[in-house]
Amino acid sequence: GHPIAGAMYKSLKYDTVEDFQMLSTLIEYPFVLAVRQDHPLKSMADLLAYAKANPGKVTFSSTGVGTSQHLTGVLLQSKAGIELNHISYRGATQAVQDVLGGRVDVLIETLTQVAPLISSGQMRGLAVTSGKVWRTLPQVPPLSDTVKEFEVNSWMGVATTKGVPQPIVDRMHREAKAMMAEKDTRERLAGEGADPIASSPAEFAAFVREEARITANVIRESGAKFD
């Protein structure tokens, strides 16, 4: 999930938040905007300036129309007042190869996909979408430094079928919360660049409603068509 996730769009299309019993959020992590190491655009300021002067010339990748990566790019265009050229892929592998090969300018991908490429010197991180410096990529500035109030965090949570008895809901929530508090779990998540964000069922339901509202607005603005 995240406010801009194709999966969330599909749940909006076929179901509603009220069809599920939310249990807890689990984790969150940002996306990273990156270019190949020798790309002439060396920073987000460079990208924004060039894109404003050359509408549609800067290309960015995603793993499909309506995915979080795609709609992160859509949101960037809207907030920054620029026009980018979206290139859709069926997965991250080919997108990474085309960015490294100079066929696409900007990779928008998860931190786990991009961080090793930055560490190895193959890519340059332009920004993280977390709205603040992300602890596992402290050298990459938040996008909000150049695009005011820009924040996109992908998230995962756990839900069950509507109508499950309350004692079972309470037990499942306690187990999810306890799992997120375990030292081993937190260390493993930290190694992958994710943060645990356990919440109550009511908090999670309110969170998903707001995420769905934001998602629907971005999808309408994108004009994206879904199969």
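The values are calculated or read from the model by the stated rules, or taken from the named source; none is laboratory data. This is a predicted model, so every value here is computed, not measured. Methodologically, a virtual Cβ is constructed for each residue, glycine included, from the backbone with ideal geometry; neighbour enumeration extends over all protein chains shown. Side chains are part of the model used for accessible areas, which takes the heavy atoms of the whole protein and leaves out ligands, DNA and RNA. Shrake-Rupley method; radii C 1.70, N 1.55, O 1.52, S 1.80 Å.
Here are the numbers for this structure:
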| read-out | value |
| --- | --- |
| Qualifying residues in the stretch 147-185 (those that are charged (D, E, K, R) and within 20 Å of the chain's Cα centre (by Cα)) - the one most open to solvent (accessible area, probe 1.4 Å) | K148 |
| The stretch 196-210 - residue that is under 16 Å from the mean Cα position of the chain (by Cα) and either open to solvent by 20 Å² or more (accessible area, probe 1.4 Å) or without any contact (Cβ under 8 Å) to a residue 40 or more places away in the chain (or both) and, of those, nearest to Q139 (Cα to Cα) | P196 |
| Looking only at the stretch 125-182, and only at residues there that are aliphatic (A, V, I, L, M) and touching a Gly at 6+ places or on another chain (Cβ under 9 Å), the one that is farthest from L48 (Cα to Cα) | A176 |
| Qualifying residue in the stretch 35-52 (condition: farther than 22 Å from G157 by Cα, among the aliphatic types (A, V, I, L, M) and free of Cβ contacts under 8 Å to residues at least 24 places away in the same chain) | yes |
| Residue in the stretch 54-76 that is outside any loop (DSSP other than H, G, I, E, B) and open to solvent by 40 Å² or more (accessible area, probe 1.4 Å) present | no |
| When residues of the stretch 27-49 are limited to those that are open to solvent by 30 Å² or more (accessible area, probe 1.4 Å) and aliphatic (A, V, I, L, M), the one nearest to A202 (Cα to Cα) | A45 |
| Test: residue in the stretch 120-134 that is more than 23 Å from L71 (Cα to Cα) and free of Cβ contacts under 8 Å to residues at least 12 places away in the same chain | yes |
| So S130, is it buried (at least 16 other Cβ atoms within 10 Å of the Cβ) and either out of contact with any His (no Cβ under 6 Å at 6 or more places or on another chain) or within 18 Å of E18 (Cβ to Cβ) (or both) | yes |
| Verdict on G193 being assigned to a loop (DSSP other than H, G, I, E, B), open to solvent by 30 Å² or more (accessible area, probe 1.4 Å) and among the small types (G, A, S) | no |
